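Chemist: Can you keep this structure in mind? I'll have questions shortly.
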Amino acid sequence: MTTKDRKEDKIVRIPPEVTRLLYVRNVPFKVTSEEMYDIFGRYGAIRQVRIGCTKATRGTAIVVYEDIQDAKKAVDNLSGFNVTNRYLIVTYYHHAKMNKKVDLNKGEEDVAKLQEKYGVSTKDK
């Protein structure tokens, strides 16, 4: 075995932000789960696809791959992919980051309720 062969056998390190879960935005509202499986399945075995169906989650999807390497290939190749004249935005899903966004929205709602309860307004009259 030559030195060159040993270099090729090295394991490629994956950045820490890479996960098997992908968060997809700008998904066309009429796309089906089967179409998502077709698009994302080109890069490896998929465990699950969840398409947002509520007002807050429409246009988004979560794609879960069996293997982390397949998820990385999908992000590398599908970010900006055109689906019925919409360009997909594909990122890694991080539970903590998504919860911060939800917490911020809940906090804003709580402030609005308290302002209403006590008759306080921050709007200029």
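What follows draws every value from the coordinates through simple rules; no lab data is involved. Not measured: the values here are computed from a predicted model. Glycine gets a Cβ as well: all are built from the backbone with ideal geometry, and neighbour counts include every protein chain shown.
Chemist: Calculate the spin-label point distance for ASN26 paired with ARG58, positioning each point 7 Å from the Cα along the beta-carbon direction, and give it in nanometres.
Modeler: 1.9
Chemist: Let me ask something else. What is the order of VAL31, VAL120, fewest Cβ neighbours within 10 Å to most?
Modeler: Fewest-to-most ranking of VAL31, VAL120: VAL120, VAL31.
Chemist: Just want the ordering: TYR118, TYR93, from fewest to most Cβ atoms lying within 10 Å of their own Cβ.
Modeler: Listing TYR118, TYR93 from fewest to most nearby Cβ atoms yields TYR118, TYR93.
Chemist: Further question on the same structure: Fewest Cβ neighbours within 10 Å first, please rank THR60, THR54, THR32 accordingly.
Modeler: Going from sparsest to densest Cβ surroundings: THR54, THR32, THR60.
Chemist: Separate question: With Cβ to Cβ distances under 12 Å as the rule, what net charge do the other residues near TYR65 carry (K, R +1; D, E -1)?
Modeler: +2
Chemist: Once you have the Cα-Cα distance between SER33 and VAL111, take 0.36 nm times their residue separation minus that, and quote the gain in nm to one decimal.
Modeler: 24.3 nm
Chemist: Net charge around LYS117, counting only other residues with Cβ within less than 13 Å of its Cβ (Lys, Arg = +1; Asp, Glu = -1)?
Modeler: -2
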